[in-house]
Amino acid sequence: MQSDHVYRKTELVGSSTTSISDAIEGAIARAAKTLRHIEWFEVSEIRGHVQDGKVGHYQVVLKVGFRVED
């Protein structure tokens, strides 16, 4: 078993009308359809859109780390 891994990071932007968590989970779920070995994420930005005095949607910029295959 190899213990030294190499990772790559890619930036995603997720959005949701429900919550920040849903924006994160949606972005990761979508990325998991095309990226293998996703192991971590970090949120770098949180923003949203205000419509009629209420939150219209949440937008989250996150970086996901995935292990590079040998």
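The values are calculated or read from the model by the stated rules, or taken from the named source; none is laboratory data. Computed from a predicted structure; not experimentally measured. In this analysis, Cβ positions are derived from the backbone assuming ideal geometry, glycine residues included, and neighbour counts consider all displayed protein chains.
If we scan the stretch 6-26, do we find a residue that is surrounded by 14 or more Cβ atoms within 10 Å (Cβ to Cβ), at pLDDT 95 or above, touching a Leu at 6+ places or on another chain (Cβ under 8 Å) and not in a strand (DSSP E or B)?
The answer is yes, given that some residue of the stretch 6-26 is surrounded by 14 or more Cβ atoms within 10 Å (Cβ to Cβ), at pLDDT 95 or above, touching a Leu at 6+ places or on another chain (Cβ under 8 Å) and not in a strand (DSSP E or B).
Please give the number of the condition residue 40 fails out of (1) surrounded by 15 or more Cβ atoms within 10 Å (Cβ to Cβ); (2) of a type in the set (A, V, I, L, M, F, W, C); (3) part of a strand (DSSP E or B).
(1)
Restricting to the stretch 39-70, name every residue that is touching a Phe, Trp or Tyr at 6+ places or on another chain (Cβ under 9 Å) and either of a type outside the set (Val, Ile, Thr) or at pLDDT below 95 (or both). Show your work before the answer.
Quick first cut of the stretch 39-70, residues touching a Phe, Trp or Tyr at 6+ places or on another chain (Cβ under 9 Å) only: 39-40, 46-49, 62-68.
Selection gives 39, 40, 47, 48, 49, 62, 63, 65, 66, 67, 68.
Looking only at the stretch 1-48, how many residues end up being in contact with a Gly (Cβ under 7 Å, 6 or more places away or on another chain) and among the acidic types (Asp, Glu)?
Total satisfying the criteria: 1.
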